[in-house]
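Have a look at the structure below, then the notes.
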Amino acid sequence: MKRHRARVNPALRLCLRAFLLGAALLPLALSGCGKKKTGERESLIRFSAAGNLMLDRGVRVWVEKNGPAYPFQPVSSFFQSRDLVAANFEMALDHGCQALQKPEVFRLPEAELPELERSGINALNLANDHSLDCGREALGQATRWMLATGIQPLGAGDNQARAQQPVYLTVNGITLGLLAFTTAAVPGAPFCRECTGPAFYEPNLVSRLLAEMERRADFRIVFFHWEEAARAGPHPDPKTVAHEAINSGADLVIGFGPEAVTGLERIRGKWVIYSLGNLVSDPATPQGQEGLIFSAEFVPRRMLNPRLLPIRIEKGQASFARGDEARAILEHVMALSGPGSRSEMNLVEDILYLQ
């Protein structure tokens, strides 16, 4: 089966500096950078992942008032300093939307998609329960629009075999292999193996794909969109699924779906971030107004300086949490994590460093 290979455009908003390792200098960790010397080549990928992105409903009111760049303005300079920024696109791209018959339909006008790329977001997870909100044809068109805009879609395709295949992104000579799956059923759209749709998790498939990826990827990252625990019916246990991925060779597992941040787990020296919470949304609970941004640098054979930056969502806009608010968010994440994993975390200023 042929695997899709994508190459990141070298012009993608690279922050050309040597990152200072260690816990000091918060402003530098968030945004500061210097220029790379002419002719110098870096073997480094600056990677970040943010949570759920939903720009409809209440957020739409703020966007119409302030413009499509508004939701990301406080964090866009940081995103633009990274080589690869992934987020969970928890909606459908709207171009004459034929909405599914389901309780909630979220959509983003097609014309606003380039604003995501301008903000620094250049990879979007479509393996979730809202990517089909405007139907299967619209999802297929959305993947093409994203590619044309400079955004790499993850976890979707014109059948399950293609949706489930890894994407390979190469930056500065380092290749990341990315997988994305949802464990959530899509209301109004029954599972269809030969139809356009999000990539659904299947037992043992992740293990097989990760084994195949070892030959081509320097690092293997798996994104999972979890089914809401409150929904009726059987669904895979996130912990069991995450352990399967790590035990099969994943270097990092990142979870989407829940609006609230959750604990972390360190397994065999690798990290599982079970939920980053929201990036931009209009949450109904205070917990949904908090989120996390995971960041790390990939160099040959090593992931350096993995860390979590806390964010606050207010009035349809994401911004970095600071001071006592930041510490409260990160201490909550630590409290939700097991003692063995918690001992490998170091909270310094407004950043939670992972060993």
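The values are calculated or read from the model by the stated rules, or taken from the named source; none is laboratory data. Nothing here was measured: the structure is a model prediction, and the numbers come from that model. Reconstructed Cβ throughout: ideal geometry from the backbone, glycine too, with neighbour counts over all protein chains shown.
Tabulated values for the structure
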| read-out | value |
| --- | --- |
| Residue selected from the stretch 81-115 under the condition closer than 27 Å to Phe224 by Cβ and polar (S, T, N, Q), by the criterion farthest from the chain's Cα centre (by Cα) | Gln101 |
| Odd one out for Ala189 among (1) closer than 14 Å to Phe219 by Cα; (2) at pLDDT below 95 | (1) |
| Selection within the stretch 298-313 - in contact (Cβ under 8 Å) with a residue 60 or more places away in the chain and surrounded by fewer than 24 Cβ atoms within 10 Å (Cβ to Cβ) | Val299, Pro300, Arg301, Met303, Leu304, Asn305, Arg307 |
| Ser319 being of a type in the set (Ser, Thr, Tyr) and in contact with a Pro (Cβ under 6 Å, 6 or more places away or on another chain) | yes |
| Residue count for the stretch 291-330, restricted to those that are out of contact with any helix residue (DSSP H, G or I) (no Cβ under 7 Å at 6 or more places or on another chain) and over 30 Å from Val171 (Cα atoms) | 9 |
| Condition met for Val61 (of a type outside the set (D, E, K, R), surrounded by fewer than 24 Cβ atoms within 10 Å (Cβ to Cβ) and part of a helix (DSSP H, G or I)) | yes |
| Pairs where the first residue, in the stretch 199-225, is modelled with pLDDT under 95 and the second is of a type outside the set (Asp, Glu), C-beta under 9 Å, 6+ apart | Pro203/Pro236; Pro203/Val241 |
| Complete set of residues in the stretch 172-183 that are under 19 Å from the mean Cα position of the chain (by Cα) and either of a type in the set (Phe, Trp, Tyr) or assigned to a loop (DSSP other than H, G, I, E, B) (or both) | Phe181, Thr183 |
| Elements of type strands (runs of 3 or more DSSP E) in the stretch 184-274, at least 3 residues being touching a strand residue (DSSP E or B) at 6+ places or on another chain (Cβ under 6 Å) and within 25 Å of Tyr353 (Cα to Cα) | 219-225, 252-256, 270-273 |
| Those residues of the stretch 310-345 which are over 15 Å from Phe294 (Cβ atoms) and assigned to a strand (DSSP E or B), in sequence order | Arg312, Ile313, Glu314, Gln317, Ser319 |
| Near pairs, Cβ below 9 angstrom, 6+ apart or cross-chain, from the stretch 253-272 (over 13 Å from Glu344 (Cβ atoms)) to any residue that is among the β-branched types (Val, Ile, Thr) and part of a loop (DSSP other than H, G, I, E, B) | Gly255/Thr262; Gly257/Thr183; Glu259/Thr285; Ala260/Thr285 |
| Subset tally (residues that are among the aliphatic types (A, V, I, L, M) and either closer than 30 Å to Asn172 by Cβ or in contact (Cβ under 8 Å) with a residue 60 or more places away in the chain (or both)) for the stretch 94-119 | 3 |
